[in-house]
2 protein chains.
Amino acid sequence: MAKIAIVGATGVTGGSIVDGLLESETQFEITALVRPSSVEKPATISLKEKGIKIVPIDLGGSHDELVAALSGIDTVISAIHYQSLSDEIPLSDAAKQAGVKRYVPCFFATIAPRGVMEVRDRKEEILDHIQRIYLPYTVIDVGWWYQITLPRVPSGKLDESLTFPNNNIIAGGNNPSALTDVRDIGKYVAAIVSDPRTINKRVLAYTETKTQNEVHKLVEKVIGEKPEPTELSKEQLEEQLAPFKGSKEHNQMRSIYEYWLSWGVRGDNTPENAVYLGYVLAKDLYPSLQGRSLEEFIQDAAEGRIKKVYQN
Amino acid sequence: MAKIAIVGATGVTGGSIVDGLLESETQFEITALVRPSSVEKPATISLKEKGIKIVPIDLGGSHDELVAALSGIDTVISAIHYQSLSDEIPLSDAAKQAGVKRYVPCFFATIAPRGVMEVRDRKEEILDHIQRIYLPYTVIDVGWWYQITLPRVPSGKLDESLTFPNNNIIAGGNNPSALTDVRDIGKYVAAIVSDPRTINKRVLAYTETKTQNEVHKLVEKVIGEKPEPTELSKEQLEEQLAPFKGSKEHNQMRSIYEYWLSWGVRGDNTPENAVYLGYVLAKDLYPSLQGRSLEEFIQDAAEGRIKKVYQN
C-alpha cells in the first residue's frame, strides 16, 4: 500500500487531497505532518477520525527528525500555506535523504510562465531547489477554483457559498481560463500520484475552460438572475500593481491582482499554454476521469450545498 | 525550403551550425544576422562565399528593422556570444512579431538545474522571456566540447590542437559527463530544427559520456603517453567561487569554475539528469545519427587535423 505524507492537510487544497485519496480505489496509507501547536485543533482531530496518522513536526526544526518522519514514505504532497513555502526547502531535503520516491511541491494553482506572478515564482524557486538535489517530483496545477470564480447575483442567493464573489469582468472577459472544483482536486491528485508516467513531469488537472463572459451567462442560465458586471481594465490592474514592480515583496492584494492579470489579461491559464510550458494534461492521461461541471457547481451553490472556502 | 536566420554565425558554435546546415540533406536558405561593423570582416566574407545571405543589423537597434529582417524566416538560431545574451530579448520579441515558427535560444552547453551556474541562469531567464511571449522554441544543449576536454601530454604533441588543455582531475574524476565534438554540433542542430517533435522542447545532443579518468586513459591509449593529472578538489573550487557567492556579477573565471563544479563535482551534465530536467535526447530521436567518437577526435588532434577553438 502506497504511503503518502501530506503537509497542509487541514487547508482547502490539502483537505480535498485527503478526501480524494480516501475515496480512491487505490488504497493509501496517509500521514499528515502537522505543526506541534496544531495537534489539538478540531481540524487535526477530524483528520485523525478519518483514519489519518498524525505526526506532529516542525518543518523548520531538526533535520534528522524530519528524515525519520519521512522514512518509509513513498510520496510527499505539499499543500503548504503560501506564506510558508520556504519550509519546502528543509522538507524536500529531508525527503531526498529519506529516499522518498515522489515529491509533489505546492503548486495547485493556475498556469503561467515565470516572471508574471510573485507567488508562482517562489514556487518555481522551490522546484529549482528540488531539481538541484535531483529529488523525483510531480508538479500539479489545477487552474482557478470554481469556488472563487462566481459573481454574486442581485438576490444574494449565492452569498452563502462565495467567500470572494467576483463580479469583475477583466479586460473584456473573453480570455478562457482553466477551472476546477476544489472538491475534485483530490480525485485528480490520487490518479496523478499513482501514475509512473507523471514522475518528473508537470501535470495540469482541470475540468473546464470558460471565459468570464461565459461564466456570467451560465450563472444567469442556472439561477435565472443576471449578475451585475463591473469592468476592470488591463490599465486599472497595472496601476494597482505598479507599486510592486521590480520588488519581490509579498502582499496578498498583489497576489490577487497578479492572478487576475495573468489569467484575465494575459490569458496564461489555458491547457494550450500549459502544454507549451511543458505540462501534460490529466484529461489526456485519464480520459474517463471527470470532475464536476461548473453548471453543477452553480446549482450546488444555489441550493446551499457549497461550503465557503477559507471559512473552516 | 526552410528559411533559417542565425545570430553569431562567425563564432565557434555558430560556425559549426552553418556547416551542419549546409551539409545536411535537407536544404536550408540561410541568413546570417551580422553586426554592421562586422560586415567587412574576413569571417563574414567567408560566410558570404559559402552562399549565406548577410544581413547587417544591430540587435539593440530599431525593432521595426529587426522585424523586417526576420519576416519570412521560419527558424531563428541564436549562437550569440554569452556577453550579448541580453540581445536575445529584442531578438525574440521581433521573432514573435515576425511570426517566426521556431526560436532556438543560445544554450548549446552543459546540462544543469537552475542556481548552479550564473551563465546558464541568464540563458534560463531569456527562455523565461520567450515563454512569457509564447514564442515557439527549442532549447538545444550539447554537453561539454571535446575541444576543451583533453589534457596536454608531456611531449606537447596535442598543444597545437588545444586552446585550453585541461589536466585537472576534478573531485576524483569519476563523474561521467556528456561530450560532443564542436564539429558535430551543426549536424545535430540540422536534425533537431527540422523535426516537429522538438517544438517547445529541450533537447540534449551529445555523442559520448566519459569521466575524466576515462578521458586520460583514452588519451594514453591513443597517443601512447600518460597525461600528467593535477588534482582539483571540490573544496578548492568552492574556495575560488566564494567571492562570487550570492552575486549575479559575470566573470569569465567564475564561469569556468562553475562549469567545472557543475559537471565535475555535482555531476550535472549527464543524459539521465537531462531527462530528469525535462530534456529529450537526440540519440533517442535520431538513433542513426552518429557524431565523431572521442577516440577519433584524439587521433585527429594527434595528427594535426583539429583547429584550435577561439583562434580564428
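A short reminder: the numbers here are calculations on the coordinates, not readings from a lab. Just so we're clear, the structure is a prediction, and the values are computed from it rather than from any experiment. Cβ: placed from backbone, ideal geometry, glycine included. Neighbour counts: every protein chain shown.
Note: relative contact order over region A:106-211, using C-alpha pairs below 8 Å and six or more positions apart, is 32 percent. For chain B, relative contact order (Cα pairs under 8 Å, six or more residues apart, normalised by length) works out to 19 percent. Over the residues of chain A, the helix contribution to mean residue ellipticity at 222 nm works out to -10500 deg cm²/dmol, using -39500 (n - 2.57) for each DSSP H run of at least 4.
For region B:175-312, the residue among B:271, B:255, B:198 whose Cα projects farthest onto the positive side of the dipole built from Cβ charges is B:198. All Cα-Cα distances of the protein assembly as shown, cut into 10 Å bins from zero to the largest, leave 3, 14, 23, 23, 18, 11, 5, 1, 0, 0 percent in each bin in turn. Each 10 Å bin from zero holds the following percent of Cα-Cα pairs in region A:165-227: 19, 37, 26, 16, 3.
Straight Cα distances below 13 angstrom link residue A:234 to the aspartates and glutamates A:258, with same-chain residues fewer than 8 positions distant left out. Between B:242, B:94, B:302, the GNM of chain B built on Cα springs shorter than 10 angstrom shows B:242 fluctuating the most. Projected onto their three principal axes, the Cα atoms of region B:5-150 cover extents of 40, 40, 31 Å, largest first. Across the options B:56, B:104, B:42, the greatest Cα extent toward the positive end of the charge dipole of region B:1-114 (unit charges at beta carbon of Lys, Arg, Asp, Glu) belongs to B:104.
In order along region A:146-159, the Karplus-derived 3J(HN,Hα) couplings, from 6.51 cos²θ - 1.76 cosθ + 1.60 at θ = phi - 60°, round to 3, 4, 10, 9, 6, x, 6, 10, x, 6, x, 4, 9, 4 Hz, and Gly and Pro are given as x.
Over region B:73-179, the fraction of Cα-Cα pairs per 10 Å bin, rounded to whole percents and listed from the shortest bin up, is 13, 36, 26, 17, 7, 1. Which angle from 0 to 90°, rounded to the nearest 10, does the C-alpha axis of helix B:212-223 make with the longest principal axis of chain B? So the helix axis and the longest Cα principal axis differ by about 80 degrees. Judged by the ratio a/c of the largest to the smallest principal axis of the C-alpha gyration tensor, chain B counts as prolate, that ratio being 1.5 or greater while a/b is larger than b/c. Residue of chain B with the Cβ closest to the rotation axis carrying B onto A, and that distance rounded to whole Å: B:278, 3. In terms of the mean number of neighbouring beta-carbon atoms within 10 Å, the peptides B:280-288, B:8-16, B:150-158 order highest first as B:8-16, B:150-158, B:280-288. With the convex hull drawn around the C-alpha atoms of region A:104-233, the volume per residue stands at 115 Å³. At the listed q of 0.25, 0.27 Å⁻¹, the Debye profile of region B:2-83, built from one uniform point per Cα, gives log10 I(q)/I(0) equal to -1.36, -1.53. Among the listed pairs A:53/A:283; B:41/B:123; B:123/B:187, those whose Cα-Cα separation exceeds 24 Å are A:53/A:283; B:41/B:123.
Distances between copies of residue B:39, taken at a point 7 Å out from Cα along the Cα→Cβ vector and listed shortest first: 7.8 nm. Take the Kirkwood radius over Cα pairs of region A:162-312, plug it into Stokes-Einstein at 4 °C and 1.567 mPa s, and you get 75 µm²/s for translational diffusion. Between residue B:54 and residue A:89, the C-beta separation translates, for a Förster distance of 41 Å, into a calculated FRET efficiency of about 0.25. Using a 7 Å projection from Cα along Cα-to-Cβ, the label point at residue A:248 is separated from the same position in the remaining copies by 0.9 nm, smallest value first.
About the centre of its Cα atoms, chain B shows a dipole size close to 340 debye [charges on the beta carbon of Lys, Arg (+1) and Asp, Glu (-1) only; nearest 20 debye]. Put a dot 7 Å past each Cα toward the Cβ at residue B:157 and residue B:235; how far apart are the dots in nm? Using points 7 Å along Cα→Cβ, the separation is 3.7 nm. A simple charge model with +1 on the Cβ of Lys and Arg, -1 on the Cβ of Asp and Glu and nothing else charged puts the dipole of region B:37-103 at about 320 debye relative to its Cα centre. Overall, region B:62-184 carries a charge dipole of about 320 debye about its Cα centre when +1 sits on the Cβ of Lys and Arg and -1 on the Cβ of Asp and Glu, all other atoms neutral. Here residue B:26 and residue A:310 are evaluated by their C-beta separation; at R0 = 56 Å the FRET efficiency comes out at 0.50. Over all alpha-carbon pairs in region A:114-177, figure out the percentage whose distance exceeds 19 Å. The share of Cα pairs beyond 19 Å in region A:114-177 comes to 56 percent. Separation of region A:236-270 from region B:18-83 is 38 Å, based on Cα centroids. Label-to-label distances for residue A:72 across copies, nearest first, come out at 7.0 nm, using points 7 Å from Cα in the beta-carbon direction. Cβ crowding within 10 Å, taken as a proxy for footprinting-reagent exposure, orders B:118, B:49 from fewest neighbours to most as B:49, B:118.
The label point for residue A:217 and the one for residue B:45, both projected 7 Å from the Cα toward the Cβ, are 6.6 nm apart.
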